Structures are given as structure tokens and as C-alpha cells.
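Novice: Provided herewith is a single structure, encoded as C-alpha cells, for subsequent inquiry.
Laboratory data are not the source of any read-out in this text; all were calculated from the coordinates shown. Note that the structure is a prediction, hence the values are computed from the model and not measured. Here Cβ is always computed from backbone atoms with ideal geometry, including for glycine, and neighbour counts include all displayed protein chains.
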Amino acid sequence: MVSTLPQPAQRLLLHATEPGVPLWRSAQLQMRGEIRLGRWRRFTARQVLTPAVGLVWAATARFFGLPVSGYDRYSPGTGEMRWRLARVIPVLTATGPDVTRSAAGRLAAGAMFVPATFDLAPGRTARRLRWLAAPGGRATTRTRWTCTSPLTAPCVR
């Protein structure tokens, strides 16, 4: 399945997937950490990503004891951020080419968590990602994720 890829790519993908295990087309990640809202505050989040389709990162933190919750989202052609204090008061709402570009980049970076993104079926050429041998026993990837903003500008290349 990976025999045509450069050796480092084979090692990575064989380590990330066990033979016979279904290759899921999406991933759900649970997170916790700190986010800066004036000062660093604890947060919890859940991210669902489906490469070539979209992602949602939804999080909650506390600001003076009140929850600040919301999401960053990418779906074909649009990115959006929407955050509210106490689930009622809008704190941040953003869309546009910069938000779309940023969200599309996060989706492309997160694709590493979903090995099926690499289209490893025998005898098929990867539709989204191309592996290249690199010096020093490394492999690099090239991919093209395109989306269009309301201005129809390319978002990620």
C-alpha cells in the first residue's frame, strides 16, 4: 500500500496505521491547555477535522468566572470565527479572506492526523498529497488545498 512512497514516508505511515485497521476519513481531537484572553487562561476544546471537507474547533475558557465559548470553522470556501461571553454576548465574529486562509491552513496541517488523506489505495495516484524524497533520509510533501473567498482569491497553495 505504501511501497511506492519514499522510505521515511513509509515509516511514518506504517507507524501511524496498523494493517487491517480501517482508514477513517475524519478525526476528533480533545484538547486542553491555555489560551491568551487578556492573560493566559485554561481552556478545553474539541476539534473535528475531515480533510478536503472542513474542520470545527470549538472551545471554552473562563473570563472573570464566565464562560467564553465559540468556534473556528472551515468549510469549502469559507472560514469563520464566532465567540460569545456567557453564550449570549458576542465577543468576536469574523469572516473574510484572512480568516478563510488561516482556517484552510489549519485544515491542511491537521490532515496529518487522518492517514486516509494520503489516498494510499494500491495503484492509485494521491489526489491531494504528493510525497518527495529529500536529502538526509527525509521525505517532504507537496499538497494543493484550494478554496475561494468571497473575493474568489486562492486561499492556500
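Novice: Restricting everything to alpha-carbon atoms, can you work out Rg to Rh for segment 6-76 with a Kirkwood hydrodynamic radius?
Specialist: 1.15
Novice: Could you give the length gained on full extension between Leu23 and Arg82, defined as 0.36 nm per residue of separation minus the Cα-Cα distance, in nm?
Specialist: 18.1 nm
Novice: While we're on this one: Based on Cα positions only, what radius of gyration and what Dmax would you give for segment 7-143, in angstroms?
Specialist: For segment 7-143, the Cα radius of gyration and maximum Cα-Cα distance read 18.1, 57 Å.
Novice: Here's a follow-up. Quick one: length gained pulling Gln30 to Ala133 fully straight, 0.36 nm per residue minus the C-alpha distance?
Specialist: 33.8 nm
Novice: Highest first, please rank the peptides 47-56, 29-38 by the mean number of other Cβ atoms sitting within 10 Å of their residues.
Specialist: The packing order, highest mean first, is 47-56, 29-38.
Novice: For the residue pair Phe63 and Phe113, what label-to-label distance in nm results when each label sits 7 Å from Cα along the Cα-to-beta-carbon direction?
Specialist: Label-label distance for Phe63 and Phe113, simple model: 2.4 nm.
Novice: Across segment 76-87, in residue order, what do the Karplus-derived ³J(HN,Hα) couplings come to in whole Hz, using 6.51 cos²θ - 1.76 cosθ + 1.60 with θ = phi - 60° and x for Gly and Pro?
Specialist: x, x, 9, x, 8, 10, 9, 10, 9, 8, 6, 6
Novice: Could you tell me which chymotrypsin sites (Phe, Trp or Tyr not before Pro) in segment 13-96 are loop residues by DSSP with no more than 15 other beta carbons within 10 angstrom of their beta carbon?
Specialist: Sites meeting the loop and neighbour criteria: Trp24, Phe64.
Novice: I've got another one for you. Roughly how many nanometres apart are two label points built 7 Å out from the Cα toward the Cβ at Arg39 and Val53?
Specialist: Going from the Arg39 label point to the Val53 one covers 4.2 nm.
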